[in-house]
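J.: I have a structure I would like to understand better, so I am pasting it below and will then ask my questions one at a time.
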Amino acid sequence: MAVKSAPVSKSSILKDEKEILDLLQDCPEIIGCLGDDIKLDDDGEATYSLFLELANFGSLFDILRSSHGPFSESEVRRCARSILRGLTHIHAKGYVHCDIKPHNILVSGSGEVKIADFGLAKRAAERSQGIFIRGTPLYVAPEGVARNEYEPPSDIWSLGCTLIELVTGKPARSFPVGFELPAVLFRIGRGDVLPEIPESLSEEGKDFLNKCLVKDPKKRWTAEMLLDHPFASDYGEEKMDMAQHRAEPKKEC
């Protein structure tokens, strides 16, 4: 299993993550939660630990940066299908993940693709308080930057950015060297230029991404709608074929 730990005094995010994961455990596309524990060390300091299912092959980001390189279109389709199944479940339970990106999508030893890291997740329709940007800027939807609005459509935008990165090996958005964060955020929130759809994709793939990357969140397709899109709907329950890459599996704790 994998373990996430923090001093008890700083463990509120991990405890919130466990509470959310406990509500989502009946979905195989969500990382498994195996429980939690509090222990005292030799100095009497209390540590909170959250125990999670081990994803032997790490994240999609790990695989992308390994000798595997960019994903084939068939691999991207399989990933899209699994992530959408997870997002459909998350949204149906009334939550928003808020940080979908290659780093937070894990692959198990049997090739199952699973959504992980719910540290920034929130209830849908619950206003974000005291957070300037909820998520990772390059993957955050325009409404998150412009209006501090993070609802289910925001996860769909982040999914689109994630899939582009799997195809190209590079983030969906790029900015000139030296650009400071405020300038980057202004372009994301107020600019009219959308992430570029990879030309190498099939027409189905391009259409799928165009449904994800609509600037108006009300016009973005939902996860449930996207599951019926031809780009994702043809891949049923197939798992990632991990024999196709050479990333070293992670060792168990």
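J.: Quick one: pull the percent of accessible area on the stretch 52-175 belonging to carbon and sulfur, 1.4 Å probe, ligands and nucleic acids left out.
T.: Carbon and sulfur: 50 percent of the exposed surface of the stretch 52-175.
J.: Using per-residue counts of other Cβ atoms within 10 Å, averaged over each peptide, order 16-25, 54-63 from highest down. Provide the component values of the computation, followed by the final result.
T.: Details: 16-25: 17.0, 54-63: 20.8.
Going by the mean number of other Cβ atoms within 10 Å, highest first, we get 54-63, 16-25.
J.: Summing Lys, Arg as +1 and Asp, Glu as -1, what charge do residues with Cβ under 15 Å from the Cβ of residue 169 carry, residue 169 excluded? Spell out each step's value before the answer.
T.: On the way: positive: 65, 101, 170, 173; negative: 62, 73, 75, 165, 196, 199.
Computed value for this residue: -2.
J.: Can you pull the one-decimal nm distance between simple spin-label points at residue 222 and residue 19, each 7 Å off the Cα toward Cβ?
T.: Placing both labels 7 Å beyond Cα along the Cβ direction yields 2.6 nm.
J.: Still on this structure: Per residue, how much accessible surface does the stretch 1-152 expose to a 1.4 Å probe? Answer in Å², no decimals.
T.: Working: 6460 Å² over 152 residues.
For the stretch 1-152, the per-residue accessible area is 42 Å².
J.: Applying the Karplus parametrisation 6.51 cos²θ - 1.76 cosθ + 1.60 with θ = phi - 60° to the phi angles of the stretch 78-88, what ³J(HN,Hα) value in whole Hz is obtained for each residue in order, glycine and proline being reported as x?
T.: Values per residue, Gly and Pro as x: 5, 4, 4, 4, 5, 4, 5, 4, x, 5, 4 Hz.
The values are calculated or read from the model by the stated rules, or taken from the named source; none is laboratory data. Note that the coordinates shown come from a computational prediction; the quantities given were computed from them, not determined experimentally. Virtual Cβ from ideal backbone geometry, glycine too; neighbours counted across all protein chains shown. Surface areas here come from the heavy atoms of the whole protein model, side chains and all, with no ligands, DNA or RNA. Shrake-Rupley method; radii C 1.70, N 1.55, O 1.52, S 1.80 Å.
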